[in-house]
Amino acid sequence: MPGLDSPLPSVWNPNLLLVDEILSVGDETFQQKCIKEMKSIQLVVKTVILMSHSSDRVRGFCDRNCLLDRGSLNNLGKPEEVLRSYHEILGLGRDPTEK
């Protein structure tokens, strides 16, 4: 994957990119760099699979989500619908970050 300090090379063109919680590490400056880079990557890559427990990240990056629970597909659909299922599984009933 390209570094955060350089633009995406023109020959870098994967069909699928897996991202596992990378956007939740580091300080706020590093996270902002990661978010900016992910927005650029979304323009180039056909499919990005983002594994995250962050409702805000899911809302910000995803237009379609799947929820896995104990290795099985629990829900597939739009972010708000899938996040609702996720919070029900957690016993929260609703998303605590929802406005």
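Which helices (runs of 4 or more DSSP H) does the range 5-99 wholly contain that include 3 or more residues that are surrounded by 14 or more Cβ atoms within 10 Å (Cβ to Cβ) and modelled with pLDDT under 85?
28-44, 55-61
Of everything in the range 22-52, what is touching a strand residue (DSSP E or B) at 6+ places or on another chain (Cβ under 8 Å) and of a type in the set (Val, Ile, Thr)? Give them in sequence order.
Ile41, Val45, Thr47, Val48, Ile49, listed by residue number.
The values are calculated or read from the model by the stated rules, or taken from the named source; none is laboratory data. As the structure is a computational prediction, the values presented were derived from the model and not from experiment. Note that each Cβ is placed from the backbone with ideal geometry, even for glycine, and that neighbours are counted across all protein chains shown.
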